[in-house]
Amino acid sequence: MNDSVLQDIKVIDLTQNIAGPYCTKLLADYGADVIKVERPGGDPARHMGPFPGHDPHPEKSGIFLYLNTNKRGVTLDLKSDDGRAALLNLVRDADVLVESYSPRVMASLGLGYQTLSAVNPKLIMTSVSSFGRNGRYSEYRATELVLYALCGMAYITGGYHREPVKHGYNQAQYLGGVAAASGTIAALLGLWRGGTGQQVDVSILECAISTLFTTFLEYSYAGNVTRRQPSEGSSLRYPAATKEGYILPTPGVMGDWDTYAAMANVPELQDPKFATPADRQLHSDEVDNLLKAKWLEKTAEEWFHHAQEWRFPFSPVQTMEDISASPQLADRGYFVEFPHPAVGTLRYPGGPFRMSETPRRQAMAAPILGQHNREVFGWKKS
């Protein structure tokens with residue numbers, strides 16, 4: 001087995017919550033030596049659930065434990081002279097520093113990019129924030145809900161006659177983390193090709209907007225404002241109830257309708273009045289009535305495999321229990337396990353990609369608060 005692809009890359013991690021820690025998690029999981037620097041009270045994510053056994057504890061946060069695998073952990077008070085001096089010593093031989101404070105904070109601590117680059121001209125400093133380092137919103141505060149509202153995702157999500165809603169959980173944060181990791185690696189590549197150190201500015205809002213390029217182009221090209229879709233019309237766009245569970249019964253972009261009708265064993269759907277998508281939309285009630293009873297004859301899992309044999313991209317609507325037991329994910333060895341002194345061995349999602357010669361590292365669980373102070377600085381954890 002070859003060494004991890006980012007081996008010998010030293011990363012100082014000043015991030016907290018989700019987006020920044022996910023960036024540094026990706027770097028750590030692929031071999032970088034990531035030193036997570038927490039304030040003496042710890043990353044706020046330590047107080048975010050879920051908690052194993054529903055026992056809130058700063059060493060048992062599921063979010064923190066997942067986002068900080070393969071990192072060493074230290075504590076520093078960056079508001080103190082000693083804390084800033086210790087950080088600058090770390091920066092001298094670091095390759096990367098990632099931070100996720102509000103744009104004004106690092107400079108106010110005397111740790112802005114100009115200061116850090118004077119200590120280490122080759123440093124890549126990645127700054128992750130809700131709105132980016134400049135612009136009139138740069139110092140505004142945001143939650144995931146705020147970002148979904150501002151990026152336009154909420155406007156196209158939900159019922160046609162209801163208020164806009166957001167997707168579940170913190171997807172914009174993870175998008176920001178992926179973009180920050182990508183930008184960091186790109187900046188390192190530029191450095192290795194003869195460039196200089198630089199600052200990478202990541203706006204989580206812009207990351208979220210970038211996923212909506214189709215709706216943006218609809219407006220840019222044609223002036224169309226995409227909005228939430230009506231629930232009326234063909235049920236082929238929506239999950240359908242089956243004998244057990246729900247199935248997404250899509251015929252696919254290029255699916256042949258007569259073949260679809262044969263796959264479903266509903267010959268009535270081969271009537272010429274259903275021949276085109278426009279025809280099926282016009283007669284959507286009839287299409288729905290013919291199919292809804294049919295879907296109830298099999299389970300979602302049975303329909304999934306049956307339709308896929310006909311090359312139709314059906315999918316069951318999976319729960320987390322289904323995903324945890326997925327034979328596909330088991331075949332690929334997707335889930336990983338880490339023992340942790342506070343919670344025992346827990347199971348986590350694996351990496352988002354894999355490489356044939358330089359595999360993802362699976363070395364150590366998330367650090368307890370200040371666990372590596374002695375190793376890194378020579379003093380005990382605070």
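Residue 169 - would you say it is closer than 15 Å to residue 208 by Cβ, surrounded by fewer than 21 Cβ atoms within 10 Å (Cβ to Cβ) and under 12 Å from the mean Cα position of the chain (by Cα)? The answer is yes for residue 169. State whether one or more residues within region 353-361 are outside any loop (DSSP other than H, G, I, E, B) and either among the hydroxyl-bearing types (Ser, Thr, Tyr) or more than 20 Å from residue 67 (Cβ to Cβ) (or both). Looking through region 353-361, none of the residues is outside any loop (DSSP other than H, G, I, E, B) and either among the hydroxyl-bearing types (Ser, Thr, Tyr) or more than 20 Å from residue 67 (Cβ to Cβ) (or both).
Filtered by the rule that a residue be buried (at least 19 other Cβ atoms within 10 Å of the Cβ) and within 22 Å of the chain's Cα centre (by Cα), region 39-50 gives 43, 45, 46. Across region 264-272, a minimum of one residue is classified as assigned to a helix (DSSP H, G or I), surrounded by fewer than 16 Cβ atoms within 10 Å (Cβ to Cβ), outside the structural domain of residue 157 (by TED's automatic domain parsing) and touching a Leu at 6+ places or on another chain (Cβ under 8 Å).
Scanning region 134-189 for residues that are of a type in the set (Lys, Arg) and either part of a helix (DSSP H, G or I) or at pLDDT 90 or above (or both) returns 136, 141. Total residues in region 286-314 satisfying the condition of being closer than 18 Å to residue 257 by Cα and either over 34 Å from the mean Cα position of the chain (by Cα) or of a type outside the set (D, E, K, R) (or both): the figure is 18. Residues that are part of a loop (DSSP other than H, G, I, E, B), without any contact (Cβ under 8 Å) to a residue 24 or more places away in the chain and not assigned by TED's automatic domain parsing to the domain that holds residue 165 are absent from region 201-222 altogether.
Residue 105 meets each of the listed conditions (1) touching a helix residue (DSSP H, G or I) at 6+ places or on another chain (Cβ under 8 Å); (2) at pLDDT 95 or above; (3) closer than 25 Å to residue 206 by Cα apart from (1).
Against the numbered list (1) of a type outside the set (Lys, Arg); (2) surrounded by fewer than 16 Cβ atoms within 10 Å (Cβ to Cβ); (3) assigned by TED's automatic domain parsing to the domain that holds residue 60; (4) in a loop (DSSP other than H, G, I, E, B), residue 339 comes up short only at (4). Within region 9-52, the residues that satisfy the criterion of being out of contact with any Ser or Thr (no Cβ under 6 Å at 6 or more places or on another chain), without any contact (Cβ under 8 Å) to a residue 60 or more places away in the chain and closer than 21 Å to residue 377 by Cβ are 33, 37, 39, 41, 43.
Only one of the numbered conditions (1) within 17 Å of residue 251 (Cβ to Cβ); (2) not in a helix (DSSP H, G or I) is violated by residue 297, and that is (1).
Scanning region 98-146 for residues that are polar (S, T, N, Q) and over 23 Å from the mean Cα position of the chain (by Cα) yields 108, 114, 115, 117, 120, 134.
The values are calculated or read from the model by the stated rules, or taken from the named source; none is laboratory data. Treat the numbers as computed from the prediction; the structure is a model and nothing was measured. When we count neighbours, we look across all protein chains shown, and the Cβ atoms used for this are built from the backbone with ideal geometry, even at glycine.
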